[in-house]
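Supplied in structure tokens, the structure appears directly below.
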Amino acid sequence: MEIIIAPDYEEMSKISARIIALEIRRKHDLVLGLATGDTPVGTYQQLVKIHQEEGLDFSKIKSFNLDEYVGLAPLHKNSYNFFMRENLFEQVNINMANVFVPQGNTDDPEEYCKWYEEQINNYGGIDLQVLGIGRDGHIAFNEPGSSFASRTRVKALFKQTIEDNSRFFNSIEEVPRFAITMGIGTILEARKVLLIANGKNKADVVASFIEGPVTSQITATALQLHTHVTVVLDEDAASNLVRKDYYNWVRDNKHLVQKMVGR
Ligand code: GLP
């Protein structure tokens, strides 16, 4: 796992956007896994800027979002579909025919989840998966206890997740209790993973997922089993890491590290 600690949210967003842009430039038809939440908003803004100022081309890329609330139609203002349109898709030259966000109001969620997995496979699998992290350690909506082998499915949300996400809704009662989410198994199959986290309220969970034991009780720890994960943090989110000096040394001596390990 490569840990990059940025001084603040803006730098964290710039670094993450550069990582994504580099992958898009390397492979014009990149299959990009996308996340929602407050964390990646700055990253998406930076990507829009790179698109406007440097012509970063999204026209051939395919995208798959991690999750969606069950019951919310794609045009609902609290849906993740709506979020993605507002924060990224409408501001870059992505072809909407190549965009996949799970459909929250599908009649047959089980069949739909199978179909979603098939689409990911049909497009050759995810090249780069962007992730945030919930305070209970979830990635996508894989709440504690989710199997590391899990695939796209419907998951019941934890109380803490419902409370945390209620800030986007008029009241807590409006927050859906279920979500369609890619599984941990689905996420682990992505060729590369980029996890972003910021803020003091993520410091505990960030330390647990990077430096703690692998456990399905903190599903982000599954990423310790993946061979190519980059984590970009701001100082606040990194504040409880024990091996911070080591990560910073590696970051600052990247030329030496690359020479030795070829990354
Ligand atoms: C939701 C999403 C996650 C996201 C998490 C954290 O639960 N399903 O993908 O990582 O919220 O969100 P935020 O970035 O707003 O803290």
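With springs only between Cα atoms under 10 Å, which of Thr106, Thr230, Thr36 fluctuates most in a Gaussian network model of the chain?
Answer for the Gaussian network model of the chain: Thr106.
Rounded to the nearest 500, what is the chain's calculated 222 nm mean residue ellipticity when only DSSP H runs of at least 4 contribute -39500 (n - 2.57) each, over all residues?
-10500 deg cm²/dmol
A follow-up question, please. Dividing the convex hull volume of the alpha carbon atoms of the chain by its residue count, what do you get in Å³ per residue?
123
With +1 on each Lys and Arg Cβ and -1 on each Asp and Glu Cβ, how big is the dipole of the chain about its Cα centre, in debye rounded to the nearest 20?
With Lys and Arg at +1 and Asp and Glu at -1, about 740 debye.
Measure up Lys202/Lys244; Lys14/Lys62; Lys62/Lys155; Lys200/Lys244; Lys27/Lys114; Lys14/Lys77 against 18 Å on the Cα-Cα distance and list the ones that go over.
Check vs 18 Å cut-off fails for Lys14/Lys62; Lys62/Lys155; Lys27/Lys114; Lys14/Lys77.
Still on this structure, I have one more. For segment 1-72, what Kirkwood radius comes out of the mean inverse Cα-Cα distance, in Å?
Taking the inverse mean of 1/r over all distinct Cα pairs, segment 1-72 comes out at 13.3 Å.
With springs connecting C-alpha atoms under 10 Å apart, model the chain as a Gaussian network and identify which of Leu22, Leu223, Leu241 has the largest mean-square fluctuation.
Leu22
How far apart, in nanometres, would the label points at Lys159 and Glu111 be if each is projected 7 angstrom from Cα along the Cα-to-Cβ direction?
Result for the modelled spin labels: 3.7 nm.
Arrange the peptides 57-65, 2-10 so that the one whose residues have, on average, the most other Cβ atoms within 10 Å appears first. Walk me through the numbers on the way to the answer.
Numbers: 57-65: 19.9, 2-10: 17.2.
The packing order, highest mean first, is 57-65, 2-10.
Here's a follow-up. Decide, for segment 174-263, between rounded, prolate and oblate: order the square roots of the alpha carbon gyration tensor eigenvalues as a ≥ b ≥ c, take rounded if a/c falls under 1.5, and otherwise choose prolate if a/b is larger than b/c, else oblate.
Oblate, because a/c is 1.5 or more while a/b does not exceed b/c.
Another question, then. Classify segment 94-234 as rounded, prolate or oblate, taking a ≥ b ≥ c as the square roots of the eigenvalues of its Cα gyration tensor: rounded when a/c is under 1.5, otherwise prolate if a/b is larger than b/c and oblate if not.
Oblate shape, in that a/c is at least 1.5 and b/c is the bigger or equal ratio.
Readers should treat all values here as calculations from the given coordinates under stated rules, not as data from a laboratory. Everything numeric in this text was worked out from a predicted model, so none of it was measured. Neighbour counts run over all protein chains shown; Cβ positions are idealised from the backbone, glycine included.
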